[in-house]
Amino acid sequence: MTLHDVIQSDASLVFCNLSDFAETATYITRDGLRRCIDVVVERQNLQTLSEYSGSVTPVFIVHVANTCTRGISSDELNLGGDSIELAIRVGEEVSERTIVQLVEHDEGMLVLECR
Amino acid sequence: MSIGTLPVVERIAVELKRRLDLLADVTNTTYNTKVNEVIRPNRLESYTPKDMQIVLTTDSIETVPELMYPGNPPAVAKRVTFHINCNVVNDESVNEPIDTIVHMFAADVEQVVTSDSSTWHTFSNLAVDAEFLSHVPHSAGGGFDGVTVPIAITYRTDENNPYQVRA
């Protein structure tokens with residue numbers, strides 16, 4: 001097993017372990033296809049959407065494995081309408097949140113900003 | 001709450017949204033831009049940016065001393081600025097320049113707001129003047145783009161009754 005394989009394996013089995021910090025969410029492609037994924041979510045304070053928008057929205061930083069099984073692969077991600085169903089507050093009903101930015105990524109993980 | 005019980009500024013907002021909603025009408029064949037939704041955010045701003053979405057917000061309300069006039073009660077003039085935020089979250093594979101989409105979006109917003117008649121600027125006899133201000137493009141790290149189209153609307157009310165329109 002190469003280091004590359006270990007990174008990919010750890011991303012799913014260690015970092016996105018549902019027994020630890022990860023939770024299950026639904027990834028929705030722009031075309032409407034839905035898939036369950038395991039994610040670690042940082043729920044941040046409301047932030048302005050843009051300087052002149054006059055409005056703020058919730059911010060989610062989502063860590064997800066770079067895989068097309070229980071994660072999102074970097075080559076399938078479309079920043080033109082893909083979204084993830086997330087609860088604004090833990091325990092609340094989930095709602096669809098658009099993926100607005102690929103903050104960073106490597107072979108193992110993607111870090112996404114959803115609003 | 002019926003519309004008759006709303007302050008003049010809110011009735012103007014309702015009329016502005018009604019006009020913008022025409023872009024979201026599924027039967028719309030007049031405008032190039034097909035809008036998915038027009039929203040006015042709630043306090044917790046729980047909406048999410050979407051493709052072809054309009055988010056209507058109120059910016060400032062300032063007094064306009066030169067347009068006030070005396071009486072009993074006097075008429076006070078105010079200018080409210082609404083921000084018409086046009087969000088575009090188009091497919092990564094689309095080759096059309098984002099500027100083209102944004103320009104058409106902004107143009108259709110101006111056209112639909114002014115389409116009623118030569119008296120569009122009165123917003124159904126609620127205002128005395130209206131003008132579009134400079135457009136402000138916005139971008140969020142590749143996730144979504146768009147433009148804010150501000151519109152300043154001047155209206156008069158009784159000094160002691162913001163619900164009552166004055167000519």
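Under 26 Å between alpha carbons, and skipping anything fewer than 8 positions from residue B:78 in its own chain: which lysines qualify?
B:17
Find the Cα radius of gyration of chain A, compare it with 2.2 N^0.38 Å by division, and give the number to two decimals.
Ratio of Cα Rg to 2.2 N^0.38 Å: 1.06.
Residue farthest toward the positive end of the dipole of the protein assembly as shown, with Cβ of Lys/Arg at +1 and Asp/Glu at -1: which of B:54, B:160, A:74?
So the residue we want is B:160.
Before rounding to the nearest 500, sum -39500 (n - 2.57) across all DSSP H runs of length at least 4 in chain A and divide by the residue total; then give [θ] at 222 nm in deg cm²/dmol.
-2000 deg cm²/dmol
Please report the antiparallel percentage of DSSP beta bridges with both residues in the protein assembly as shown, rounded to the nearest 5.
95 percent
Place a point 7 Å from the Cα of residue A:95 along the Cα-to-Cβ direction; which residues of the stretch B:42-80 have their backbone N under 17 Å from it?
B:42-51, B:53-57
Among A:11, A:84, A:57, whose Cα lies farthest out toward the positive end of the dipole of chain A, if unit charges sit on the beta carbon of Lys, Arg (+1) and Asp, Glu (-1)?
A:57
Going by alpha carbons, how many degrees (0 to 90, nearest 10) lie between the helix axis of B:98-114 and the longest principal axis of chain B?
Relative to chain B, helix B:98-114 is tipped by roughly 30 degrees.
If you wrap a convex hull around the Cα atoms of chain B, how much volume per residue is inside, in Å³?
Roughly 135 Å³ of hull volume per residue.
How high is the FRET efficiency between residue B:164 and residue B:116 when r is their beta carbon distance and R₀ equals 30 Å, given to the nearest 0.05?
Here the calculated transfer efficiency is 0.85.
For an R0 of 30 angstrom, estimate the FRET efficiency from the Cβ-Cβ distance between residue A:45 and residue B:18 and round to the nearest 0.05.
The calculated FRET efficiency here is 0.35.
Kindly state, to the nearest 0.05, the FRET efficiency for residue A:24 paired with residue B:40, given R0 = 30 Å and r defined as their beta-carbon distance.
After rounding, the FRET efficiency stands at 0.35.
When the Cα centres of the stretch A:1-45 and the stretch B:119-167 are compared, how far apart do they sit, in Å?
Cα centroid of the stretch A:1-45 versus Cα centroid of the stretch B:119-167: 44 Å apart.
What does the net charge come to around residue A:82 if you take all other residues with beta carbon closer than 13 Å to its beta carbon, with K and R at +1 and D and E at -1?
Spelling it out: positives minus negatives among the neighbours equals -3.
Considering Cα pairs under 8 angstrom that are at least six residues apart, work out the relative contact order of the stretch A:3-114 and quote it in whole percent.
In percent, rounded to a whole number, it is 26.
Could you grab the relative contact order for chain B? Cα pairs under 8 Å, six or more apart, rounded to a whole percent.
Result for chain B is 25 percent.
Test of understanding: extend the Cα→C-beta vector of residue B:95 to 7 Å, then name every residue of the stretch A:69-88 with backbone N under 11 Å from that spot.
Taking a point 7 Å out along Cα→Cβ of residue B:95, no residue of the stretch A:69-88 has its backbone N under 11 Å.
Using the Cα centre as the reference, give the magnitude of the dipole from point charges on the C-beta atoms of the stretch A:3-114 (Lys, Arg: +1; Asp, Glu: -1; all else neutral), rounded to the nearest 20 debye.
That gives the stretch A:3-114 a dipole magnitude of about 320 debye.
Work through the residues other than residue B:8 whose Cβ is under 13 Å from its Cβ and net out their charges, Lys, Arg +1 and Asp, Glu -1.
Neighbour charge sum, excluding residue B:8 itself: +1.
Gap in Å between the Cα centre of the stretch B:1-66 and the Cα centre of the stretch A:58-91?
If you average the Cα positions of each part, the centres end up 30 Å apart.
If you line up the long axis of helix B:8-21 against the longest principal axis of chain B, both from Cα atoms, how many degrees apart are they, to the nearest 10?
30 degrees
Since every read-out is calculated from the coordinates, none of them should be taken as a lab result. All values derive from a computational prediction rather than experimental measurement. FYI the Cβ positions are ideal-geometry reconstructions off the backbone, even for glycines, and counts take in every protein chain you see.
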